[in-house]
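The block underneath contains the structure these notes are about, expressed in structure tokens.
The values are calculated or read from the model by the stated rules, or taken from the named source; none is laboratory data. The shown structure was predicted, so the numbers you read here are calculated from the model rather than taken from an experiment. All Cβ positions, even for glycine, are placed from backbone atoms using ideal geometry, and neighbour counts span all protein chains on display.
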Amino acid sequence: EIADITPLLDVEDMVIMQRPDWKCVFTYVQSIYRRFKDED
């Protein structure tokens, strides 16, 4: 939220799940990349 990136992953959910949903992880990483790719 600080960098205008919506937190898609919750730490508590990731701890409860045996393995986090790869789609959520991919989408989250992609949103971080898109946010910072054009910064110098």
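Some notes on this structure:
- Screening Ile5 against (1) modelled with pLDDT of 80 or more; (2) within 10 Å of the chain's Cα centre (by Cα) leaves a single unmet condition, (1).
- Scanning region 3-12 for any residue that is part of a helix (DSSP H, G or I) and surrounded by 11 or more Cβ atoms within 10 Å (Cβ to Cβ) turns up nothing.
- With respect to the stated conditions, Thr27 is of a type outside the set (A, V, I, L, M, F, W, C) and touching a Leu at 6+ places or on another chain (Cβ under 7 Å).
- Residue satisfying all of: in region 16-35; of a type in the set (Lys, Arg) and surrounded by 10 or more Cβ atoms within 10 Å (Cβ to Cβ); farthest from Ile5 (Cα to Cα) among these: Arg34
- Cβ separations smaller than 6 Å between residues 6+ apart or across chains give no pair from region 26-40 residues that are under 19 Å from Asp10 (Cβ atoms) to residues that are among the hydroxyl-bearing types (Ser, Thr, Tyr).
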